[in-house]
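See below for the structure under consideration.
The values are calculated or read from the model by the stated rules, or taken from the named source; none is laboratory data. Since this is a predicted model, take the numbers as computed values, not measurements. Positions of Cβ are backbone-derived with ideal geometry, glycine not excepted, and every protein chain shown enters the neighbour counts. Calculation scope for accessible area: heavy atoms of the full protein, side chains included, ligands and nucleic acids excluded. Shrake-Rupley method; radii C 1.70, N 1.55, O 1.52, S 1.80 Å.
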Amino acid sequence: MKRRLGQLLRDYLSNSSIVSRLWQRLPHGIYIFNYHRIGNKFECPYARDVFSCSADAFEKQVEQIKSNFQVLNSQQLSAVLDGQHLSERYAMITFDDGYKDNFDTAFPILQKHQLPALFLIPTDFIDTDAIPWWDELSFILRNNIGKTLVTPASGEALHLTQDSIEHQIRIFTRQIKQIPEEESLAFMARLRDSHAGLCEQLRERHQELFVNWHDLQVMHSAGMDIGSHTRSHKILSKLPVLQQAEELQTSKQIIEEKLGASIVAVAYPVGSKHCYTSETKLLAQKAGYRLAFNNTSSINNLLSDRHDMNRICVIDDEVNKLKATTVFHAYLRKRK
């Protein structure tokens with residue numbers, strides 16, 4: 001009920017003229033805007049729910065962020081937290097997962113507006129033929145329209161149709177996230193075995209999905225930050241402590257060796273509160289990360305845990321919806 005009321009308030013704000021005035025009067029704080037993919041999701045044969053917005057919408061949002069905040073890189077954010085003084089509204093722009101459109105589409109827009117951003121990458125996806133399970137799943141399901149497949153958790157037989165495929169992909173995705181790690185791995189292994197030809201097509205198309213090390217070097221040399229999104233993008237809370245530590249430490253080492261730079265930031269895969277633990281945060285600190293990000297929509301202040309920084313996840317083209325979500329969380333936090 002509380003979540004529903006919050007959504008109704010955000011919808012009201014996004015359709016009200018007051019949102020622009022409140023946006024310009026946001027309280028001092030640290031506002032971190034998180035993106036994934038940029039582009040036309042309707043042309044994508046892979047997972048579409050990881051698209052944040054179109055290219056045109058991203059540029060409009062960037063212009064609004066630039067005009068209303070001092071936009072920081074990760075070193076500057078760390079210095080603000082060290083200094084214990086919030087003298088204005090600070091913002092940071094981050095990207096998770098390392099998709100190719102981050103380089104082809106988002107990077108030129110950021111350069112045009114002379115803004116830094118932090119790109120957080122799962123190192124196992126870079127210059128390999130590895131495909132994340134959510135893109136693999138979506139690709140297989142889209143190529144099985146007219147057939148019936150059994151869901152991983154409920155065991156329901158779903159007849160895949162063109163009209164319902166997006167909803168049906170969400171059902172499969174949600175159930176895979178809900179079941180234990182070994183069950184989800186077993187389900188995806190069975191799906192691959194029964195669709196070997198489609199999986200081979202996917203591996204051949206890997207380069208159109210993710211950035212490579214050359215792309216990352218170009219972005220880093222141009223002033224963009226690169227950070228870790230672990231090695232494999234597995235949900236850390238589902239892993240034993242030693243494996244969590246390996247995911248955090250090794251990804252950092254790989255990026256530092258490839259780019260010749262110190263890496264200070266990590267984002268927890270998926271980023272919901274159940275996807276990492278207090279022990280995960282300690283492991284991130286021990287690995288040498290000065291900043292670690294979740295995906296909880298809220299703003300940050302000087303009392304925020306720098307290894308549990310909140311981010312506002314962008315999921316819509318409309319600038320007013322971004323403003324409304326930001327305003328909602330800024331004033332909600334202020335009332336606590």
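With +1 on each Lys and Arg Cβ and -1 on each Asp and Glu Cβ, and nothing else charged, work out how big the dipole of the chain is about its Cα centre, in Debye to the nearest 20.
1600 debye
Which far-off residues, 5 or more places away or on another chain, put their amide H under 5 Å from the one on Met309, with H placed in the peptide plane?
When sequence neighbours closer than 5 places are left aside, the close amide H contacts are Ala292, Phe293, Asn294.
Report the percentage of all Cα-Cα pairs in the chain whose separation exceeds 32 Å, rounded to a whole percent.
Numbers: 16828 of 56280 pairs.
The calculated P(r) of the chain puts 30 percent of pairs beyond 32 Å.
For Ala91, enumerate residues with amide H under 5 Å from its amide H, sequence gap 5+ or separate chain, H modeled in the peptide plane.
Tyr31, Gln70, Val71, Leu72
Along the positive direction of the dipole of the range 266-336 (beta-carbon charges: Lys, Arg +1; Asp, Glu -1; about the Cα centre), which of Leu303, Ala324, Ser278 reaches farthest?
Leu303
Using modelled backbone amide H atoms (1.01 Å from N, in-plane), which distant-in-sequence or interchain residues come within less than 5 Å of Ser228's amide H?
Amide H neighbours of Ser228, under 5 Å, 5+ apart: Ile121, Ala265, Val266, Ala267.
Among bridges DSSP assigns within the chain, what percent are antiparallel (round to 5)? Don't jump to the answer; show the numbers that get you there.
Details: 5 of 30 bridges.
So the antiparallel bridges amount to about 15 percent of the total.
Counting just the Cα atoms, what span does the range 117-268 cover along each of its three principal axes? Round to the nearest Å and put the largest first.
50, 33, 25
Using mean Cβ contacts within 10 Å as the protection proxy, how do 104-114, 29-39, 281-291 order, highest first?
On the way: 104-114: 16.2, 29-39: 22.8, 281-291: 19.5.
The most tightly packed comes first, giving 29-39, 281-291, 104-114.
What accessible area per residue comes out for the range 111-170, rounded to a whole number of Å², with a 1.4 Å probe?
Dividing the accessible area of the range 111-170 by its residue count gives 44 Å².
Eigenvalues of the Cα gyration tensor times 5, then square-rooted: what semi-axes does that give for the range 252-336, in whole angstrom, largest first?
Numbers: eigenvalues 147, 53, 26 Å².
After scaling each eigenvalue by five and taking roots: 27, 16, 11 Å.
Just give me a number: lysine pairs in the range 276-336, eight or more positions apart or cross-chain, with C-alpha atoms less than 26 Å apart.
Lysine pairs, 8 or more places apart or on different chains, close enough: 6.
Could you work out [θ]222 nm for the chain from helices alone, using -39500 (n - 2.57) per DSSP H run of at least four and dividing by all its residues? Round to the nearest 500 deg cm²/dmol.
Taking each H run of at least 4 residues, the total per residue is -14000 deg cm²/dmol.
Which value, in Å to one decimal place, does the Kirkwood hydrodynamic radius take for the range 178-300 when every pair of different Cα atoms is included?
16.3 Å
Within the chain, what whole-number % of the accessible surface is contributed by carbon and sulfur, with the 1.4 Å probe and all protein chains included in the calculation?
Working: 7530 of 15270 Å².
The C+S portion of the solvent-accessible surface of the chain is 49 percent.
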